[in-house]
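Structure first, commentary second.
Nothing in this text is a laboratory measurement; each read-out follows from the coordinates by a stated rule. Because the structure is predicted, anything quoted here is derived from the model rather than measured. Cβ atoms come from the backbone with ideal geometry, glycine included; neighbour counts cover every protein chain shown.
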Amino acid sequence: MMNDGGSGVSLPPFFELSAFDTIGSTNDEARRLADLECREGQLIWSLIQTSGVGRRGRQWSSPSGNLYCSILLRPNCDAAEGARLSFLVAVALFNTLKQVLPDTTSMALKWPNDILIDGKKVAGILLESRSNSDNQLDWLIVGTGVNVATFPTVTDGLAATSIDQAGASVKLETLLYSYASHFLDLYQAWKEDGFAFIRDAWLDKASGRGERVTVKLANSQFSGIFKDMDLSGALILTMDDGSTKLVTAGEVFFQGT
C-alpha cells in the first residue's frame, strides 16, 4: 500500500505525505510536526517556499517548478552521528538524479553535501535537529531543494544549474517518489550497517578525490590534496609537507572554481 497524502503522489509506506501549494518553509512545518510528537517518516512537500533557507541561514530561492521537501526522522543516535546523515541524503539525491539525466551527464558530490552537474550545484541539503540532555537526538529534519526547472545564477558561492538545463525532463511527482525510495533504502541500510557503507557510497561519487582543494574558513584558508574521508565525515587532506589535516568545517573549492 502506498501513501499519497491526498496529492496523488504514491510513496513507500514509511512516509506520511503532507503536500502544499505554498508554504513558508518545509523544514518549519516538519519542525512543527516534530514538536507534536509525530512519528518519523513525515514528508513535507511544497511547490513554492516563501521563506526557504539554505546553509548558514542563507536564503534559498524557491520558485515554482523545483522540488522542495523535508523529512522528519527520529534516528536512535547521538547528534554527531545524526549530522553524518547529510552524506546519506547526498547519495540518495545523486542516485535519484542519475536515473533521469542523460548517460553522458557528469555528476559528482562535493564535500560536505553539494550535488553537482558538470561542476554546477543542482541541489542543496539542510539538516536541523534537537537533542535531549544525553545528547541523543529527539528528532532530525532533512530538508532538500532540487533545481528542476529554474536555478539562481549562483548558490552558496557556486555556479548553479537545473535538471532541465542538463537536458532532462521529469515530473516533480516522479522525482519525489524516486528520492523518497532511494532515501528509504539508504536509511534502512544505515540502521543495519552504520555509516561505513554510506561513506563508501559517497566517496565513490565524490568530486576532486586525489586533487588539490582549497578550504576556506571564516578568517583563513589552506590547500592540500583531497585524500579521503574518515568515519566521522571529516575530509582528509595531505598537506604539502606530507602531514595529514582533518577538515570538519569550511567551504571547499577545487582548482579553477
**OP:** Compute the acute angle (0 to 90°) between the alpha-carbon long axis of helix 172-193 and the principal axis of greatest extent of the alpha-carbon atoms of the chain; round to the nearest 10°.
**Re:** 60
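In what sequence, highest mean first, do 214-223, 126-135 appear when ranked by Cβ atoms within 10 angstrom?
On the way: 214-223: 12.0, 126-135: 13.6.
Top of the packing list down: 126-135, 214-223.
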Original post:
Gap in Å between the Cα centre of segment 65-89 and the Cα centre of segment 94-119?
Top reply: 19
Original post:
Ranked highest first by average number of other Cβ atoms within 10 Å, how do 239-248, 137-146, 106-115, 225-234 line up?
Top reply: 137-146, 106-115, 225-234, 239-248
**OP:** Sort the following peptides by mean Cβ neighbour count (other Cβ atoms within 10 Å, averaged over residues), highest first: 186-194, 22-30.
**Re:** 22-30, 186-194
Original post:
Does segment 117-188 come out rounded, prolate or oblate by the C-alpha gyration tensor, with a ≥ b ≥ c the root eigenvalues, rounded set by a/c under 1.5 and, if not, prolate when a/b is larger than b/c and oblate if not?
Top reply: oblate
Subject >> the chain: angle of helix 26-35 to the longest principal axis, Cα-based, in degrees nearest 10 >> reply: 70
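By the gyration tensor of its Cα atoms, with a ≥ b ≥ c the square roots of the eigenvalues, what is the shape of segment 66-144: rounded for a/c under 1.5, prolate for a/b over b/c, or oblate? Don't skip to the answer; put the middle values down first.
Working: a/c = 3.03, a/b = 2.48, b/c = 1.22.
In terms of gyration-tensor shape, prolate.
Over 28 Å between C-alpha atoms is what I'm after, so list which of K171/K205; K98/K245; K191/K216; K120/K216; K110/K245 land there.
Listed pairs above 28 Å: K98/K245; K191/K216.
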